[in-house]
Amino acid sequence: MNYWLFKSEPDEYSIDTLANEKNGFGRWDGIRNYQARNLIRDKIAEDDMVFFYHSSCKVPGVAGIAKVVKPAYPDPAQFNPDSKYYDPKSSQDNVRWFCVDLAFVEKFKSVVSLQTLKSIPSLDHMVLLKQGRLSVQPVTKEEWQTIVAAAKQ
DNA sequence: GCCAACGTTGGC
DNA sequence: GCCAACGTTGGC
């Protein structure tokens with residue numbers, strides 16, 4: 001079982017949005033970056049655990065936990081001309097983009113802010129702090145446990 | 001709103 | 001295959 005961090009702008013889709021999904025899961029679509037695509041297509045499996053990160057907002061940071069309930073499948077938005085995620089270069093027999101389904105697990109009492117993450121020395125090498133822009137990224141077990149512990153304080 | 005740090009595109 | 005121009009992300 002592996003750990004990941006997924007970023008979302010809470011104005012678009014927040015941990016509360018996921019928690020309130022009627023069917024109990026939400027589709028994580030709209031990934032249009034090859035590095036992120038390769039991770040979800042090739043590495044992310046059912047039951048993997050995900051930190052839900054809020055970006056581009058007042059207090060950026062980890063807002064809670066989700067879980068992968070369906071591994072990678074073709075993102076329908078790439079075929080939909082009305083979607084902002086439409087990709088004319090994609091086709092059914094040449095699928096470019098993939099999505100996964102996530103289920104809500106837990107919302108932290110308060111966001112573990114980016115500022116807090118930066119202040120924890122053992123997180124120095126986190127991808128989040130090294131490569132700020134990647135929207136889907138791996139988290140080590142140690143990093144996972146450190147951040148969960150910080151959330152419980 | 002600014003801007004650094006990327007990623008992508010397309011001419012050559 | 002190089003690289004300039006452009007686009008995007010995301011913290012501040």
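The values are calculated or read from the model by the stated rules, or taken from the named source; none is laboratory data. Model, not experiment: these values are computed from the prediction. Glycine gets a Cβ as well: all are built from the backbone with ideal geometry, and neighbour counts include every protein chain shown. Areas reflect the complete protein model, heavy atoms only, side chains present, ligands, DNA and RNA absent. Shrake-Rupley method; radii C 1.70, N 1.55, O 1.52, S 1.80 Å.
How would you classify chain A from its alpha-carbon gyration tensor, with a ≥ b ≥ c the square roots of the eigenvalues: rounded for a/c under 1.5, else prolate if a/b is greater than b/c, otherwise oblate? Working shown, then result.
Details: a/c = 1.83, a/b = 1.65, b/c = 1.11.
Prolate shape, in that a/c is at least 1.5 and a/b is the bigger ratio.
Hey, any idea what % of chain A's accessible area is carbon plus sulfur with a 1.4 Å probe?
47
Beyond a 24 Å Cα-Cα separation, which of these cross-linked pairs lie in this structure: A:Lys84/A:Lys130; A:Lys43/A:Lys152; A:Lys84/A:Lys109; A:Lys118/A:Lys141; A:Lys70/A:Lys109; A:Lys70/A:Lys141?
With Cα atoms farther than 24 Å apart: A:Lys84/A:Lys130; A:Lys43/A:Lys152; A:Lys84/A:Lys109; A:Lys70/A:Lys109.
Could you list the residues of region A:111-135 with an amide nitrogen less than 18 Å from a label point located 7 Å from the Cα of A:Val59 in the Cα-to-C-beta direction?
Zone members listed by number: A:111-120.
Shape of region A:74-153 from its Cα gyration tensor (a ≥ b ≥ c, root eigenvalues): rounded if a/c is under 1.5, otherwise prolate when a/b > b/c, or oblate?
Details: a/c = 3.02, a/b = 2.29, b/c = 1.32.
Because a/c hits 1.5 or more and a/b exceeds b/c, region A:74-153 counts as prolate.
A:Asn23 label point, 7 Å along Cα→Cβ, cut-off 14 Å on backbone N: hits in region A:64-105?
What the label zone holds, given the 14 Å backbone N cut-off, is A:69-71, A:73-77, A:99-104.
At most 16 other C-beta atoms within 10 Å and a DSSP loop state: those are the exposed trypsin sites (Lys or Arg not before Pro) I care about. Give me the longest piece of chain A that has none.
Free of exposed loop sites, the longest segment is A:97-132.
How far apart, in nanometres, would the label points at A:Asp16 and A:Asp82 be if each is projected 7 angstrom from Cα along the Cα-to-Cβ direction?
For the pair A:Asp16/A:Asp82, the computed spacing is 2.8 nm.
Based on the Cβ-Cβ distance from A:Lys152 to A:Asn33, what FRET efficiency comes out when R0 is 22 Å, to the nearest 0.05?
The computed FRET efficiency comes out at 0.10.
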